[in-house]
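The values are calculated or read from the model by the stated rules, or taken from the named source; none is laboratory data. These numbers come from a predicted model, not from an experiment. Counting neighbours? That spans all protein chains shown, and the Cβs are built from the backbone with ideal geometry, glycine included. These accessible areas exclude ligands, DNA and RNA; they are computed on the full protein's heavy atoms, side chains included. Shrake-Rupley method; radii C 1.70, N 1.55, O 1.52, S 1.80 Å.
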Amino acid sequence: MTIFLIIFSSLLLLFTVIPLIKNDYWVFRIFDYPRLQKFTLSVICFALLVYFYEAHSNVYLIFICLTGLNLIYLCWLIWPFTIFSAKQVLRAEYSKPDDQVCIIISNVYQDNRNYEGCLSEIKSANPDVILLLETDEAWHQATAGLSAIYQYSIKVPMQNTYGMLLYSRLELKCSTVEYLVEEDVPSIHTLVVLKSGREVQLYAVHPTPPVPNENPRSTERDKELLLIADRAKESKLPVVVIGDLNDVAWSYTTKLFLKMSGLLDPRRGRGFFNSFHAHYPFLRFPLDHAFISTDFKLIGIKRLKNFKSDHFPIYIHLQYEPSAHLEQEPMLADGEDIALAEEKKAKQ
């Protein structure tokens, strides 16, 4: 048991330290994902180390102390996403229906053919805007009936798992499909016109993940997110960025995106809302996001039912309030953040 616990705690310490190395290769980035899992395993490991502690074992004492410090560090990392932390986005205190927008973000999993399950969730949630990701031509055809209710749409079905279908009952204007970093990975850029006539800049994104079978580096993902961050920062309109970002809410790259864009994360202070992997409860991470400018407040956010995809859909209900920016503060970028962002955007 002694050898097992020392190896166990050593691995947990290693998995915590690896993400501190800001290298783009997947082996460094992938360990950003399981912070909640690392925390849970560290609690178990710490309890076992204490239980089997021998009074004169200096090695044990060292590993008890290191594991305890690891627990404190991991707790500090995940704390902003617990209900005990301050909310980055405040809840709307009054209702302005004409300045509201409800959005569903759903990675459908391209090989999943449970079209009816997807359409049922959409019907139940009744959103204004729907973003479906990993949509091929089969998904395009199966969801075509949504156009009867959602008369505005931007459809980019693809066979490479990066297809996108955007449906909206609110008017869409100045819509473009762009390939910012990779020629086969699109993003949708459009204006959404609220019932009040207020225009909102919407960006829908789905960059590639840093995994060996798709892309061994996070370079392309990080670059695309930071290019979107620049556009969000420069926009004179309210901004919403939605999609499967293939990055967790607490990673240093997501934090850098928030600093560079000036956007807010409604998850902070409310919970993890883990959206992937739907079939493995212990291996769940918050990969599907909605980031918003400081002139929005939150009416509601929730995870919807899975329909045989590997992702849960995420539903978010927002309200535009022009004075909200006086109550909500974005994260600020310092010189080091700006230099890192410029370095990432310059990479090929």
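Worth pointing out:
- Counting the residues of segment 45-61 that are within 26 Å of PRO19 (Cα to Cα) and either in contact with an Asp or Glu (Cβ under 9 Å, 6 or more places away or on another chain) or surrounded by 13 or more Cβ atoms within 10 Å (Cβ to Cβ) (or both) gives 6.
- Residues (touching a residue at least 12 places away in the same chain (Cβ under 8 Å) and part of a loop (DSSP other than H, G, I, E, B)) located in segment 172-192: LEU180, VAL181, GLU182, ASP184, VAL185, PRO186
- Filter pass, PRO313 being crowded, with 16+ Cβ neighbours inside 10 Å and touching a Ser or Thr at 6+ places or on another chain (Cβ under 7 Å): yes
- Candidates SER153, SER120, filtered to the one that is surrounded by fewer than 16 Cβ atoms within 10 Å (Cβ to Cβ) and either under 24 Å from the mean Cα position of the chain (by Cα) or under 21 Å from LYS302 (Cβ atoms) (or both): SER120
- Scanning segment 8-35 for residues that are modelled with pLDDT of 90 or more and either of a type in the set (A, V, I, L, M) or open to solvent by 50 Å² or more (accessible area, probe 1.4 Å) (or both) yields LEU11, LEU12, LEU13, LEU14, PHE15, VAL17, ILE18.
- Residue count, segment 209-221 (criterion: open to solvent by 10 Å² or more (accessible area, probe 1.4 Å) and either outside any helix (DSSP H, G or I) or of a type in the set (Val, Ile, Thr) (or both)): 8
- Test result for LEU132, touching a residue at least 12 places away in the same chain (Cβ under 8 Å), assigned to a strand (DSSP E or B) and touching a strand residue (DSSP E or B) at 6+ places or on another chain (Cβ under 9 Å): yes
- Scanning segment 222-252 for residues being open to solvent by less than 20 Å² (accessible area, probe 1.4 Å) and more than 18 Å from LEU20 (Cα to Cα) gives a total of 15.
- Per the listing LYS195, LYS255, the residue uniquely charged (D, E, K, R), assigned to a loop (DSSP other than H, G, I, E, B) and open to solvent by 10 Å² or more (accessible area, probe 1.4 Å) is LYS195.
- Unique residue being open to solvent by less than 20 Å² (accessible area, probe 1.4 Å) and hydroxyl-bearing (Ser, Thr, Tyr) when the list is SER95, SER106: SER106
- Scanning segment 169-192 for residues being of a type in the set (Lys, Arg) and exposed (fewer than 15 other Cβ atoms within 10 Å of the Cβ) gives a total of 1.
- When segment 109-129 is filtered for residues that are assigned to a loop (DSSP other than H, G, I, E, B) and either in contact with a Leu (Cβ under 7 Å, 6 or more places away or on another chain) or under 26 Å from HIS277 (Cβ atoms) (or both), the ones remaining, listed by number, are TYR109, GLN110, ASP111, ASN112, ARG113, ASN114, PRO127, ASP128.
- Note on segment 41-61: residues that are within 28 Å of VAL248 (Cα to Cα) and either of a type in the set (A, V, I, L, M, F, W, C) or touching a residue at least 40 places away in the same chain (Cβ under 8 Å) (or both) amount to 6.
- Taking the criterion of being touching a residue at least 60 places away in the same chain (Cβ under 8 Å), open to solvent by 10 Å² or more (accessible area, probe 1.4 Å) and touching a strand residue (DSSP E or B) at 6+ places or on another chain (Cβ under 7 Å), the only residue of segment 258-273 that qualifies is ARG270.
- Helices (runs of 4 or more DSSP H) (entirely within segment 1-108) containing at least 3 residues that are over 24 Å from the mean Cα position of the chain (by Cα): 2-17, 35-51, 58-78
- Residues being modelled with pLDDT of 95 or more and surrounded by 24 or more Cβ atoms within 10 Å (Cβ to Cβ) are entirely absent from segment 325-336.
- Pairs with Cβ under 8 Å, 6+ apart, first in segment 10-29 and closer than 17 Å to VAL211 by Cα, second basic (Lys, Arg) and in a helix (DSSP H, G or I): PHE15/LYS38; PRO19/ARG29; ASN23/ARG29
- Yes/no for THR219 being over 16 Å from the mean Cα position of the chain (by Cα) and modelled with pLDDT of 95 or more: no
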